Amino acid sequence: MGSYIAKRLLRSVLTLVIILTIVFILVRQMPLEGYFPNFEKMTPEQIKNGLHSMGLDQPLPVQLYHFFRDLITKGDLGTSRIYRQNVPVAEILAPKIPVSVRLGTMSLIVSLLLGLPMGTLMAKYKGKFFDHFGTGVIVLIEAVPAAVYYLFIQFYGTEALGIGMTMLGDKDFNNWQYWILPVLSMSLGNIAYYAMWLRRYMVDESTKDYVLLARIKGAGEGRIMFRHIFRNAFVPMVQYIPTSFLNTVIGSIYIESLYSIPGMGGLLVDVIKKQDNAMVQAIVLLFACVGVIGLLLGDLMMVALDPRISLAKKGGDK
Amino acid sequence: MSKNILSVRNLHVKFVLRGRELHALRGINLDVRDGESIAIVGESGSGKSVLNKNFIGLLDQNGFIPEGEIRYYGMGDKLRHYPGAGSDDNGSYIDLTAFKKKEDWLRIRGSEICMIPQDPMTSLNPLKTIGWQISEALLLHKGMRGKMAYEETIRILEDVRIDDPRRRYKQYPHELSGGMRQRVVIAIAIACSPRILICDEPTTALDVTIQAQVLSLLHDLKERYHLTIIFITHDLGVVANIADRVAVMYAGDIVELGLVDEIFFDPRHPYTWALLSSLPQLGMRGEELYAIRGTPPNLFKEVQGDAFAARNPRALEIDKRELPPYFEVSPTHYARTWLLDPRAPKMDPPAVIQKLKELGKEETHHG
Ligand SMILES: Nc1ncnc2c1ncn2[C@@H]1O[C@H](COP(=O)(O)OP(=O)(O)OP(=O)(O)O)[C@@H](O)[C@H]1O
Ligand SMILES: [Mg+2]
């Protein structure tokens, strides 16, 4: 177990290095004028100095080397040059990370708490009212573009809750009412996703022979659903959780700006536009970490749930 | 003679398939005696599994019972408030076809009638330990938990001859061989402590030596736990070792019923002849193996006369028109064939069958 995790972590680090390198190179392909707001009025001399101060005049491999050297030896993510001049990136991100993590985690919990029972009940009452109703809800959520229902929820939700349009400024941060709408918006897609897949897997499982044996044994339908079918259906579900968690992170970009949540989501778009390279790299690194850790956790969960999957064999693929 | 524990009376089962009806069981009559072991033989599709699924209420969704009764005597009048309760000269019974709610079956399944399903490889839950799956039965039917359930599970594992039960208890199905999994399924059935145990082709998926072991195990368990065993198979060779009586099924009907010796050494129905003739054990070296020609009748259409007539080269004219009644060969032996009618022309069974008859005589001389 330990050596498997070590191997996986090593691979994950490798993945992160590759992602970072690609992003590092990509952002440096952007036109030079993006780095300076008043590019037209600048003399070539000024431009040269500007580029020099950002370290952009060096050859790419050298820049890359410096970046990784600082990251690894000093944990230094670089310094923001444009978003907030000469402030270390870490300092800018530090207060934002907990906000995003909190939003993401709450959304994950809500999605599981609503999506899994919904899928289970749909499977239990397959072909009956609840199943049709649930399918309708899922289709609706999947068919309507997220941006549309985000706005819808914001508009009617704020009214219903009797709270203002802008929220989650510092003073409302710990007021749970203000979290309801963003978390709900962020969770809807995943609720539909989990419910849909869980229903499908549970229906598949319910035709298996071991279910027949459980019935023969004299187990009641409820027991069969929860003690036998659910866990078997949940194993293939687990692999979707990290991916959907990633989608949540991406979704947060929009949600955070809608509700002016001081998280990292909206930031990425902002700093890409401003060509603040160090900021872009740092945020991509964070998102990639979430993805890699999510995948690792997904695999570990699968191993924990299914005795047939052995770690030693799994080590071979990813 | 012991009393009946189960009595099937004129049982019909139909399946609805794309708007058409398939008549899978066409008036089955069968008494199962308390403590006996009865084999139901017949080729694939003859309705063996369908018949037995009725006993535990697991008929497929598209099936229904238009007619017939299944009287279960094993609970006395414990269920007297249920619809379908009654009594006859054999005792108080509950008619299993009268159950309306799914929950009603929970009174029967496992604790009264249990079944070992056809495929042991896939019948166990892959994510639960062997021990968990056996103790679940103990919890459901005896309310046992914890240490008590654990010890009882170990005892049952020993009973089904699984070595090192304390280690096996913690293992998962995929860590066990096919024969071992079969034993675990048997252990689960035993843990339910049923009166009737239905074994649906319990050994077809296993190789021959393991088959023999499982059969002898079932034989032992039957004695130790006072089980009534209904043994489904299409292999007559297996039957001789385990059954007291044999019912031969063809196209959803029982065509011949008798003690094991009567069926083996004095078969009367042409279908039984054909089944016996195709036993590889009886063939002569170098002789071509006998195979029954043709296919069973289409059960979407109502069958006229003797269902086997179409495949019987020596069928009588009346076989094609009228369903024969059961003729009594002995008080324990009945066959549904016009050949037993006093008016029928004398017809000798095929040579192989006559040889069997002689074998039978020798055996009674020695025994
Ligand atoms: N759910 C169903 N719908 C339609 N027809 C069915 C259904 N279940 C069984 N049958 C039909 O009923 C007949 C009897 O099937 P059954 O499974 O009892 O055969 P069997 O004697 O157990 O055969 P085998 O030895 O292959 O297990 C077959 O013709 C089969 O096609
Ligand atoms: Mg069958």
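The values are calculated or read from the model by the stated rules, or taken from the named source; none is laboratory data. Since the model is a prediction, treat every value here as computed from it, not as a measurement. Cβ atoms come from the backbone with ideal geometry, glycine included; neighbour counts cover every protein chain shown. These area figures cover heavy atoms from the full protein model, side chains too; ligands, DNA and RNA do not enter into them. Shrake-Rupley method; radii C 1.70, N 1.55, O 1.52, S 1.80 Å.
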Evaluate peptide B:120-129: per residue, the Cβ atoms of other protein chains within 10 Å of its Cβ; return the mean as an integer. 6
Using per-residue counts of other Cβ atoms within 10 Å, averaged over each peptide, order B:99-105, B:151-157, B:214-220 from highest down. B:151-157, B:214-220, B:99-105
Based on the alpha-carbon gyration tensor of segment B:112-234 and its eigenvalue square roots a ≥ b ≥ c, which shape applies: rounded if a/c is under 1.5, prolate if not and a/b is larger than b/c, or oblate? oblate
Of A:178, A:65, A:254, the most mobile residue in a GNM of chain A (C-alpha springs, cutoff 10 Å) is A:65
Using alpha-carbon pairs under 8 Å, 6+ residues apart, how would you state the relative contact order of segment B:249-366 in percent? 31 percent
Partner chain coverage, peptide B:134-140 - average Cβ within 10 angstrom: 3
Pairs over 21 Å Cα to Cα, from A:124/A:217; B:78/B:102; B:53/B:100; B:14/B:78; B:3/B:53, come to B:14/B:78; B:3/B:53
For the protein assembly as shown, what is the accessible area per residue in Å² when the probe is 1.4 Å? 48 Å²
Under the definition of partner shielding as Cβ atoms of other protein chains within 10 Å of a residue Cβ, what is the mean value for peptide B:110-119? 3
Can you list residues from other chains, or at least 5 along the same chain, whose modelled amide H is less than 5 Å from the amide H of residue B:24? B:13, B:14, B:15
Taking a straight Cα-to-Cα line shorter than 22 Å from residue A:48, and setting aside same-chain lysines fewer than 8 residues away, one finds A:273, A:274
Row for chain A, column shape: gyration tensor on C-alpha, a ≥ b ≥ c, rounded if a/c < 1.5 i.e. under 1.5, prolate if a/b over b/c, else oblate; value oblate
Convert each backbone phi in segment A:246-253 into a coupling constant with the Karplus relation 6.51 cos²θ - 1.76 cosθ + 1.60 (shift: θ = phi - 60°), then list the ³J(HN,Hα) values in order as whole Hz, x for Gly and Pro. 4, 4, 4, 4, 5, x, 5, 4
For the protein assembly as shown, just say rounded, prolate or oblate: build the C-alpha gyration tensor, square-root its eigenvalues into a ≥ b ≥ c, call rounded for a/c under 1.5, and beyond that prolate if a/b exceeds b/c, oblate if not. prolate
29 Å Cα-Cα threshold exceeded, pairs from B:222/B:355; B:48/B:170; B:142/B:222: B:222/B:355; B:48/B:170
The protein assembly as shown: calculated mean residue ellipticity at 222 nm from DSSP helix runs of at least 4, using -39500 (n - 2.57): -15500 deg cm²/dmol
Which whole-number percentage describes the relative contact order of chain A, with Cα contacts under 8 Å and a sequence gap of 6 or more? 27 percent
For segment A:23-33, take each phi angle, set θ = phi - 60°, evaluate the Karplus expression 6.51 cos²θ - 1.76 cosθ + 1.60, and give the result in whole Hz per residue in order, putting x for glycine and proline. 4, 4, 5, 4, 5, 7, 8, 6, x, 5, 4
Can you give me the long-range amide H partners of residue B:269? Hydrogens built in the peptide plane at 1.01 Å from N, cutoff under 5 Å, separation of 5 or more residues or another chain. none
In segment B:249-366, carbon and sulfur make up what percent of the accessible area (probe 1.4 Å)? 55 percent
